[in-house]
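Enquirer: Below is a structure I'd like to ask you about.
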Amino acid sequence: MELLSPREAAAFALSLLDLTNLRDDCDAAAIEALCARAQTPNGHSAAICIWPRFVAQARGILGPDHPVRIATVVNFPSGDLPVETVVEETRQAIADGADEIDLVIPYKAFLAGDETAVSEMVTAVRAACPEACLKVILETGEIRDSGRIRRASELAIEAGADFIKTSTGKVSVNATLEAADIMLQAIRDSRRKVGFKPAGGISTVADADLYLRLAETIMGANWLMPSTFRFGASSLLDDILNVIAGAPSSRVSSGY
């Protein structure tokens, strides 16, 4: 990535941001505010990421074909719902107006040795939303082992993921550079057009820049764009707007 000024780096991070509200206390007023925050005088976020029950409201606010895409979560956050239930969640979300589906793999079953559970879940949800962008959440902070993170990445890619994503943001360890490195290498080695989304704990432009530079090192120049890279974050936008306004980025705060 060419050397960017702090303001340029912040503006670029904005274009890759899935602005997220998955708080347990989220309500209709918070969704209205989120849709407004996603559209700034300096550009818009790539998407908002919200609970399924708010998708129809967000679509009503943004209207059809809005540049801010609507992402929602299924099998979230536990990863242990039956396949049939998750497929129905997915179909309803698409009917309500979702553009993108963020699916949690059955990571507990995977940790118990059941790789088939992962493949079956991703394959079934892929079939339920053939036109949507499917981001598959591995929950790397729970998987932990580097070999298993690599294998979960491979299974998700093989089953049709458009993106692989680190985390739900609901566990004690979320995005880390170590997990990102493993996942990006799996994407590179697959030779498929699959994107990467670090999520959870990324709250500063300085944090974001570390992930962008790692991705470029592994994937090469010109790979970084909204179709292949997203940040999942709720508070990153605050630092982005501060930096664009001329303030320095807050210190790096991601867990590594």
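The values are calculated or read from the model by the stated rules, or taken from the named source; none is laboratory data. The shown structure was predicted, so the numbers you read here are calculated from the model rather than taken from an experiment. Note that we place each Cβ from the backbone using ideal geometry, even for glycine, and neighbour counts take in every protein chain shown.
Enquirer: Just give me the residues in region 44-58 being over 28 Å from Ile244 (Cα atoms) and either among the small types (Gly, Ala, Ser) or surrounded by fewer than 21 Cβ atoms within 10 Å (Cβ to Cβ) (or both), in sequence order.
Expert: Correct list: Trp51, Pro52, Arg53, Ala56, Gln57.
Enquirer: Going residue by residue through region 4-11, is there one that turns out to be basic (Lys, Arg) and at pLDDT 95 or above?
Expert: Among the residues of region 4-11, not one is basic (Lys, Arg) and at pLDDT 95 or above, which makes the answer no.
Enquirer: Could you please find all residues in region 51-80 being among the aliphatic types (A, V, I, L, M), within 16 Å of Arg126 (Cα to Cα) and without any contact (Cβ under 8 Å) to a residue 60 or more places away in the chain?
Expert: Of everything in region 51-80, just one residue is among the aliphatic types (A, V, I, L, M), within 16 Å of Arg126 (Cα to Cα) and without any contact (Cβ under 8 Å) to a residue 60 or more places away in the chain, namely Val74.
Enquirer: Restricting the search to region 69-116, which residues are of a type in the set (Val, Ile, Thr) and surrounded by 20 or more Cβ atoms within 10 Å (Cβ to Cβ)?
Expert: The answer is Ile70, Thr72, Val73, Val74, Val86, Thr90, Ile101, Val104, Ile105.
Enquirer: Kindly check whether there is at least one residue in region 124-131 that is touching a Phe, Trp or Tyr at 6+ places or on another chain (Cβ under 8 Å) and either touching a residue at least 24 places away in the same chain (Cβ under 8 Å) or farther than 23 Å from Arg23 by Cβ (or both).
Expert: No, region 124-131 contains no residue that is touching a Phe, Trp or Tyr at 6+ places or on another chain (Cβ under 8 Å) and either touching a residue at least 24 places away in the same chain (Cβ under 8 Å) or farther than 23 Å from Arg23 by Cβ (or both).
Enquirer: Please go through region 1-38 and pick out each residue that is exposed (fewer than 14 other Cβ atoms within 10 Å of the Cβ) and touching a Ser or Thr at 6+ places or on another chain (Cβ under 9 Å).
Expert: If the condition is that a residue be exposed (fewer than 14 other Cβ atoms within 10 Å of the Cβ) and touching a Ser or Thr at 6+ places or on another chain (Cβ under 9 Å), then Arg23 is the only one that fits.
Enquirer: Exactly one condition in (1) small (Gly, Ala, Ser); (2) surrounded by fewer than 19 Cβ atoms within 10 Å (Cβ to Cβ); (3) within 14 Å of the chain's Cα centre (by Cα) is not met by Ala245; state its number.
Expert: (3)
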